[in-house]
Every structure is written in structure tokens, then in C-alpha cells.
Amino acid sequence: ARLDVPQSEQALRLARVATQAAELFGSAEAGRKYLRTPNFALGGATPLDLLRTGQGERLVLDMLNDRLEIRK
């Protein structure tokens with residue numbers, strides 16, 4: 001079955017964030033763990049919870065990018 005437009009957008013958001021998380025944490029598994037772990041900075045939500053919307057994706061990507069910048 002094909003994904004509808006909202007499902008396709010959500011899948012793309014997940015792919016973008018999962019890629020960034022894997023880069024930051026050093027592996028795909030570590031990135032997946034990050035996505036499923038409640039985050040204080042996100043009000044206790046998991047990053048995965050926020051990926052339902054583009055705004056949530058932006059918030060999670062901004063957090064990941066900030067952490068990457070700190071590491072450099």
C-alpha cells in the first residue's frame with residue numbers, strides 16, 4: 001500500500017532526524033535510542049513524539065545541530 005501525503009511527510013521527517021541523530025551519537029542504534037528517550041528539553045516528550053509535525057522536526061533538528069556544534 002502507498003503512503004498518503006501526511007504519512008510520506010512524517011516518514012521523511014523521521015529519516016532526516018534519524019540520520020542526524022546517528023551522526024551525532026555515532027551509530028544508527030544510538031540514534032534510535034535517542035529518538036525513543038524522553039527529553040527534559042522537550043518537556044519530557046521523546047524526539048520521536050515531535051516528528052508528527054514539521055515544527056516538531058525543526059525543534060529536534062535544531063537541538064541536534066546545537067549539540068553537533070558544541071562537539072566541534
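The values are calculated or read from the model by the stated rules, or taken from the named source; none is laboratory data. Computed from a prediction, not measured in an experiment: that's the story for all the values here. Virtual Cβ from ideal backbone geometry, glycine too; neighbours counted across all protein chains shown. When the accessible area is computed, the model is the full protein with side chains, heavy atoms only, and any ligands, DNA or RNA have been set aside. Shrake-Rupley method; radii C 1.70, N 1.55, O 1.52, S 1.80 Å.
Under the 0.36 nm per residue contour assumption, what length would be gained going from the current alpha-carbon distance of residue 19 and residue 32 to full extension?
3.7 nm
Any idea of the accessible area per residue across the chain, 1.4 Å probe, to the nearest Å²?
Roughly 69 Å² per residue, with all protein chains present.
For residue 54, what charge total do you get from the other residues with a beta carbon under 12 Å from its beta carbon, if Lys and Arg give +1 and Asp and Glu give -1?
+2
With all protein chains present, how much of the accessible area of the chain (probe radius 1.4 Å) comes from carbon and sulfur, to the nearest whole percent?
With neighbouring chains kept in place, the figure for the chain is 56 percent.
I need the phi-derived Karplus couplings for region 25-33: 6.51 cos²θ - 1.76 cosθ + 1.60, θ = phi - 60°, integer Hz, Gly and Pro marked x.
8, x, 6, 4, 5, 5, x, 5, 4
Take the alpha carbon gyration tensor of the chain, find the square roots of its eigenvalues, order them as a ≥ b ≥ c, and report rounded if a/c is under 1.5; if not, report prolate when a/b exceeds b/c, else oblate.
Prolate is the answer for the chain, as a/c is 1.5 or above and a/b outweighs b/c.
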